[in-house]
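One structure below.
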Amino acid sequence: MKYNLIQSRTVKLELEQCQQDLYSLEEKWIRNEVTHDTYKRFYTIYSEKIVTMQNKIDQWENSSEDVYKLLNKNLHLFNDMKSVYQEMETLEKRTLVQILFDSNLYYEKGGYRTPTMLEIFSHNYMEMREKGVLVYEKKRDNFSVIPHSGESGIRTPGPVTVNSFQDCRNRPLCQLSRLRKYKTNSF
């Protein structure tokens, strides 16, 4: 639709120029500055161009109305993405998957994984993970913001001690200090 709008604007400018040329030709003919044969020849050329351009403009402007009509007619089908996907050709399916996962979908360890997904489809990624269909490991967008607990790890700066057990998960510095203690004790 954007392409049609750009084309329509371009052709409208050409149409205005062609109409001005036709008007100029008519003025010259009235003032007897051109012969009748010249007038007929250029009048035919300009008239055909004008009609062709008007038809193109009408086609491009009406195509957007057709798109909206088609969208309204078939909007209910988008509730069932499975049937939409099954109706597609192979290349269309591939394009849809690339759009949904920003070309970051890959297969690893018996399942699909992705760090990116369109937000509108990410609402049930936990269910997809439980079924083993897709692992969605979302990348953090802003590293200046301290993450909440969860997949990103614990945000407490030091090791956490619970029931005299020191938790070193997702803590490279804690693991490094544990490794240093091991090395110094082993010598």
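Read the figures in this text as sums done on the coordinates, not as results from a lab. Please read all numbers here as calculations on a predicted model, not as lab measurements. Cβ placement follows ideal geometry from the backbone for every residue including glycine, while neighbour counts extend to all protein chains displayed.
Quick notes on this structure:
- Cβ-derived FRET efficiency at R0 22 Å, residue 12 paired with residue 41, nearest 0.05: 0.30
- Cα gyration tensor category, rounded, prolate or oblate, for region 80-136 with a/c compared to 1.5: prolate
- Taking all Cα pairs closer than 8 Å and separated by 6 or more residues, the relative contact order of region 2-77 comes to 44 percent.
- Here the dipole of region 2-77 is about 240 debye; that uses its Cα centre as origin and unit charges on the Cβ of Lys and Arg (positive) and Asp and Glu (negative).
- ³J(HN,Hα) computed for each position of region 86-102 - Karplus, 6.51 cos²θ - 1.76 cosθ + 1.60, integer Hz, glycine/proline x: 5, 7, 7, 7, 4, 5, 5, 4, 4, 5, 4, 5, 4, 5, 4, 10, 6
- Shown here for region 1-47: trypsin sites (Lys or Arg not before Pro) in loop regions (DSSP other than H, G, I, E, B) with at most 15 other Cβ atoms within 10 Å, namely 31.
- Amide H contacts of residue 112 (H built 1.01 Å from N, in plane; Pro and chain starts excluded): 135 sit under 5 Å, all sequence-distant by 5 or more or on other chains.
- Those GluC sites (Glu not before Pro) in region 66-98 that DSSP places in a loop and that have at most 12 other beta carbons within 10 Å: 89
- Set 2/56; 12/69; 12/73 screened for pairs whose C-alpha atoms are more than 23 Å apart: 12/69; 12/73
- Residue 71 versus residue 94: modelled label distance in nm, points set 7 Å from Cα along the beta carbon direction: 2.7
- Relative contact order, whole percent, for region 80-136 stands at 25, derived from Cα pairs under 8 Å and 6 or more residues apart.
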